[in-house]
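First up is the structure itself, then whatever we jot down about it.
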Amino acid sequence: MKMASDIPLSFVDKSPLALKPLKAANPEKTYQHRARRLAQLAQDSPLADYLKLCQILVSTQQKLAATDMGPAPMIDAEVPYPLSLSQTQPAQDWLQALQALLTELVSQVPAHLVPVLQELQQQSPTQLLEWGTQLRLGEFSAVPAQFSLFIWAGLSLYWSHWAPMVIVRMDVNKVKQSSLCPVCGSHPVASMIVDEPREGLRYLHCSLCESEWHYVRAHCTCCEQSREMSIWSFDDHKAAVRIESCEACKGYTKMLFTNRLPLLDAAADDIASIGLDAELNAKGYGATTVNPLLLAHEA
């Protein structure tokens with residue numbers, strides 16, 4: 001069997017059942033769905049306080065997603081990963097999105113977090129740009145832990161706005177299967193198993209720009225091999241949330257079966273199923289994904 005990276009994405013086909021190699025997010029709808037799911041998951045959860053904070057954050061992202069993001073960054077849709085850090089590092093307008101986000105959040109977050117937000121607001125643009133770069137490089141430990149969640153939210157708010165406009169200009173016939181988002185080069189949050197346009201297709205959901213891209217089933221989303229894969233779940237083999245682990249690289253990725261439970265959200269349900277992570281970590285496996293609401297793994 002071919003490596004996943006050797007399998008080209010299919011040609012553009014306008015038929016209803018055609019596989020869509022890349023799916024652009026609608027940021028407002030994505031954030032709205034996530035906020036609702038976080039509210040549901042917070043009920044009777046031991047993580048209720050944190051989930052409620054995330055709900056406030058995501059609801060604010062939804063509100064700001066409808067606002068002006070300033071001039072479009074300089075983007076070349078012909079290059080691989082057109083919104084990757086290497087292509088967009090000079091862009092600074094995302095700082096406006098971050099400051100708008102912080103301004104909205106100050107009056108909504110619990111009192112003990114207000115000084116954190118105010119301190120972050122007072123950082124110099126140079127410092128914020130450096131932290132944003134380090135987060136996008138996966139160097140999470142280089143950024144003060146109390147700031148990471150909010151900086152990433154600002155980055156995501158900005159780049160999820162521009163990603164759909166880039167996707168429509170990309171030649172998907174030149175894109176191959178990738179463990180990283182073909183749009184911005186970021187790690188996925190989780191695998192989403194969908195029922196449209198066809199039952200059982202897998203899409204990886206981007207942790208930064210919220211785009212989704214097709215990735216063949218039964219291939220490791222890190223090292224791409226397909227011979228030694230295992231499936232884990234708390235309930236049974238038909239559970240809506242499962243983990244796919246790789247015996248070759250000892251990495252794993254969550255699989256969220258939205259075809260079974262449409263309410264599932266990549267970021268929210270990844271947090272809610274953190275007990276599965278603990279089980280796999282204890283067995284020597286490590287996540288190959290990044291959750292924008294946790295930023296818990298060096299990638």
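In table form, for the structure just shown:
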{"read-out": "All positions within segment 128-143 that are exposed (fewer than 13 other Cβ atoms within 10 Å of the Cβ) and at pLDDT 95 or above", "value": "L137"}
{"read-out": "Count of segment 43-73 residues which are open to solvent by 20 Å² or more (accessible area, probe 1.4 Å), hydroxyl-bearing (S, T, Y) and part of a helix (DSSP H, G or I)", "value": "2"}
{"read-out": "So S86, is it surrounded by fewer than 19 Cβ atoms within 10 Å (Cβ to Cβ), of a type in the set (S, T, N, Q) and not in a loop (DSSP other than H, G, I, E, B)", "value": "yes"}
{"read-out": "Tally, over segment 264-293, of residues that are of a type in the set (A, V, I, L, M), closer than 22 Å to R217 by Cβ and part of a loop (DSSP other than H, G, I, E, B)", "value": "2"}
{"read-out": "Single match in Y203, Y215 (criterion: touching a residue at least 60 places away in the same chain (Cβ under 8 Å), of a type in the set (F, W, Y) and in contact with a helix residue (DSSP H, G or I) (Cβ under 9 Å, 6 or more places away or on another chain))", "value": "Y215"}
{"read-out": "Close pairs (6 angstrom Cβ cut-off, 6 or more residues apart or separate chains): closer than 18 Å to S179 by Cα and charged (D, E, K, R) in segment 221-236, modelled with pLDDT under 85 and assigned to a loop (DSSP other than H, G, I, E, B) anywhere", "value": "E224/M3"}
{"read-out": "Residue within segment 25-33 that is modelled with pLDDT under 95, open to solvent by 40 Å² or more (accessible area, probe 1.4 Å) and assigned to a helix (DSSP H, G or I) present", "value": "no"}
{"read-out": "Number of the condition not met by S230 [criteria: (1) part of a strand (DSSP E or B); (2) modelled with pLDDT of 95 or more]", "value": "(2)"}
{"read-out": "Subset of segment 102-122 [open to solvent by 50 Å² or more (accessible area, probe 1.4 Å) and not in a helix (DSSP H, G or I)]", "value": "S107, Q108, P110, Q122"}
{"read-out": "Residue list for segment 252-293, filter: free of Cβ contacts under 8 Å to residues at least 40 places away in the same chain and either crowded, with 20+ Cβ neighbours inside 10 Å or aromatic (F, W, Y) (or both)", "value": "Y252, S273, D277, A287"}
{"read-out": "Residue pairs meeting the criteria (Cβ under 9 Å; at least 6 apart or on separate chains; first among the charged types (D, E, K, R), in segment 88-117; second not in a loop (DSSP other than H, G, I, E, B))", "value": "D93/Y158; E104/T60; E104/K63; E104/L64"}
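The values are calculated or read from the model by the stated rules, or taken from the named source; none is laboratory data. The shown structure was predicted, so the numbers you read here are calculated from the model rather than taken from an experiment. So basically every Cβ, Gly included, is an ideal-geometry build from the backbone, and we count neighbours across all protein chains shown. The protein model used for the area step is the full one, side chains on, heavy atoms only, and it has no ligands, DNA or RNA in it. Shrake-Rupley method; radii C 1.70, N 1.55, O 1.52, S 1.80 Å.
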